[in-house]
């Protein structure tokens, strides 16, 4: 039987690096492969083996890759990131077998992404799409008509989407616009919004400003009523001086993705997006980074919403509030998002 596998990865750095990331993968008929990827966020190389004589090598670039195995078979894949240097994906081989894979994850972290109910459909970009299960994230209302802003990776590939506020009913929603490059998505919920989040306008964000993050991390484990964390803006750019992002110190967990980052006046200064993998950073630097997380700037959000034809409220800064008061305000417009593949 032909043995097939592909994997793709992303390194911690914005350009090339020499830190290998573990890859684990499985085909739809149960064939397991392991290996490593090396490279940068946009391109690199991969090497894999099934331990029984089939070795695979290939290249990845900008979300896709091709792997050629020693038995002459090839496979094409797509992948998505959970956080920096950590992700998963799926693909289809030339003989029609599906495959699923992870990179930068431990065996326990990889397990949910590698479960399969049948052949893959050619690529997925969230856990629900890859594993045929449900995944969750956070979003927030930005219009009274029920538009919800979140990350693209939270809802990409979902067959059904619901949004729900604490104590409220689950409401069906559909994705109406998506920007995968900037990791933003716009949903239309099937009900009007009780209140909306104002995007900060007028004043530029500065390093050292206090911020509040609100969301629904680790669904089923943490509070279903929402979780609030606090921190500061550490820097006005992301990895590799990427100007689309803010670096923040507020702790975030899986499920925070797509949630609001607010200043102490209660206006949104960013959208929670990703964090550095502490395991991979420790391997690279010999030290564990503390609370290095990233949010998409509101300037990027405004461009995305303008392209989608959606107007939003802007806040120029009112009275400063306590973190508890900011959290109470955020609770009125933030939603838990559930995606089913």
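A few points about this structure:
- Screening the candidates 207, 194 for the property of being closer than 24 Å to residue 318 by Cβ, touching a helix residue (DSSP H, G or I) at 6+ places or on another chain (Cβ under 7 Å) and outside any strand (DSSP E or B) yields one hit, 194.
- The single residue among 9, 65, 35 that is under 20 Å from the mean Cα position of the chain (by Cα), at pLDDT 70 or above and surrounded by 24 or more Cβ atoms within 10 Å (Cβ to Cβ) turns out to be 65.
- Selected residue (only one of 255, 259 is modelled with pLDDT of 95 or more and under 15 Å from the mean Cα position of the chain (by Cα)): 259
- Of the criteria (1) modelled with pLDDT of 95 or more; (2) more than 22 Å from the chain's Cα centre (by Cα), which one residue 186 fails: (2)
- Single residue of 219, 223 found to be farther than 23 Å from residue 198 by Cβ, surrounded by fewer than 22 Cβ atoms within 10 Å (Cβ to Cβ) and touching a residue at least 12 places away in the same chain (Cβ under 8 Å): 219
- Residue that is part of a strand (DSSP E or B), modelled with pLDDT under 85 and either under 29 Å from residue 245 (Cβ atoms) or out of contact with any helix residue (DSSP H, G or I) (no Cβ under 8 Å at 6 or more places or on another chain) (or both), where the choices are 172, 125, 135: 135
- Any hit, the range 83-90, residues being closer than 26 Å to residue 161 by Cα, surrounded by fewer than 20 Cβ atoms within 10 Å (Cβ to Cβ) and modelled with pLDDT of 75 or more: no
- Total residues in the range 303-321 satisfying the condition of being surrounded by 14 or more Cβ atoms within 10 Å (Cβ to Cβ) and at pLDDT below 90: the figure is 5.
The values are calculated or read from the model by the stated rules, or taken from the named source; none is laboratory data. Keep in mind the model is a prediction, meaning the values are calculated, not measured. Don't worry about glycine lacking a Cβ; one is built from the backbone with ideal geometry, like all the others, and counts go over all protein chains shown.
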